[in-house]
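The values are calculated or read from the model by the stated rules, or taken from the named source; none is laboratory data. Model, not experiment: these values are computed from the prediction. Backbone-built Cβ (ideal geometry, glycine too); neighbour counts: all protein chains shown. Each accessible area value is taken on the protein alone, full model and side chains, heavy atoms only, with ligands, DNA and RNA left out. Shrake-Rupley method; radii C 1.70, N 1.55, O 1.52, S 1.80 Å.
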Amino acid sequence: MAGKAVAKKANTDVAITHDYGEMSHAGLDDMTINDLSIPFINIMQTNSPEVEDELIPGVKPGDLVNSVTKEILTMPVVLIPVFKEAAVVEWVPRLKGGGIVDRHELDSEVFTSQVAANGGSRIPPKGADGKRISFKSPAGNDLVETYYVYCLLMDPTCTEPEGYVVLSFSSTKIKIHKDWMTSMYTQKGRPPIFANRCHLSTQRQKNEAGTFYNYKIAPMEDTWRASLIDPSTDEGQALLKEAQEFAKMIDDGLARPDLDSLGGTVEATGGPTSDSIDEDAPF
């Protein structure tokens with residue numbers, strides 16, 4: 001496949017971390033939001049360009065791919081969630097070339113006016129063909145309610161961070177997000193979000209629009225309780241500190257998701273078409 005992007009399975013060896021002491025981050029002290037972009041973990045669907053156009057050798061529907069490096073990730077991927085946020089993302093419709101126009105707050109006029117016109121429901125209306133159609137901006141662009149969870153990408157033993165990633169939840173993925181957040185929030189002892197460790201893989205699902213793949217998020221151990229980082233150990237304290245520092249980077253506006261890496265498609269819609277919305281999605 002000459003000219004095709006070369007991808008490989010992500011290395012599953014335990015990462016080696018060196019201690020650079022006072023030289024740590026030397027030369028990188030003035031990093032700004034313009035210097036850092038965090039890759040997404042995207043689910044490959046049958047109509048994903050990476051699959052249809054064979055842009056990544058060996059990729060298949062249901063695979064998880066790093067949106068920047070184009071690596072096919074070995075499942076289950078081990079993650080520590082550290083920060084979450086919500087937005088309404090304005091996209092140029094796919095048939096008009098796609099691409100992100102802007103990000104709006106959930107309570108922005110451009111979105112709430114559409115919800116009000118829909119009888120107060122945040123589930124988009126159905127078109128004449130029975131499929132859900134996106135809310136529209138005054139310019140005719142799609143408005144997609146989206147939830148982001150920033151995570152530390154960990155080595156398979158969850159002892160060393162290997163990088164930063166973002167999970168994007170919209171459409172059929174929103175129920176997965178809601179269940180995940182509920183599982184973490186309702187734990188006894190009120191642990192912080194970044195005390196949780198999880199396994200990420202994919203699962204095959206069906207709705208009225210067809211068959212597609214969705215996220216599958218489970219605790220790293222048998223239960224969410226057993227998967228919590230133990231703050232009484234040196235290793236646990238080190239992981240919690242690393243996660244807390246990453247959360248602060250995001251909160252300070254230093255690190256943002258690499259939306260450009262999504263290209264001209266709304267990967268996060270969760271179904272085989274850009275307008276397929278799960279009836280049970282908790283908008």
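A few remarks follow.
- For the stretch 138-149, a tally of residues being of a type in the set (S, T, N, Q) and within 10 Å of Val92 (Cα to Cα) returns 1.
- Hey, Arg132 open to solvent by less than 60 Å² (accessible area, probe 1.4 Å), charged (D, E, K, R) and at negative phi or not: yes
- When Lys84, Lys60 are checked against the criterion of being farther than 22 Å from His177 by Cα and either open to solvent by 60 Å² or more (accessible area, probe 1.4 Å) or within 21 Å of the chain's Cα centre (by Cα) (or both), a single residue qualifies: Lys60.
- Conditions (1) among the polar types (S, T, N, Q); (2) at pLDDT 95 or above; (3) touching a strand residue (DSSP E or B) at 6+ places or on another chain (Cβ under 7 Å): number failed by Ser170: (2)
- When the stretch 204-235 is filtered for residues that are open to solvent by 60 Å² or more (accessible area, probe 1.4 Å) and either among the aromatic types (Phe, Trp, Tyr) or under 30 Å from Gly127 (Cα atoms) (or both), the ones remaining, listed by number, are Arg204, Lys206, Glu208, Lys216.
- Filter pass, Val92 being hydrophobic (A, V, I, L, M, F, W, C), more than 18 Å from the chain's Cα centre (by Cα) and buried (at least 17 other Cβ atoms within 10 Å of the Cβ): yes
- The residues of the stretch 27-54 that are hydroxyl-bearing (Ser, Thr, Tyr), modelled with pLDDT of 60 or more and open to solvent by less than 80 Å² (accessible area, probe 1.4 Å), listed by number, are Ser37, Ser48.
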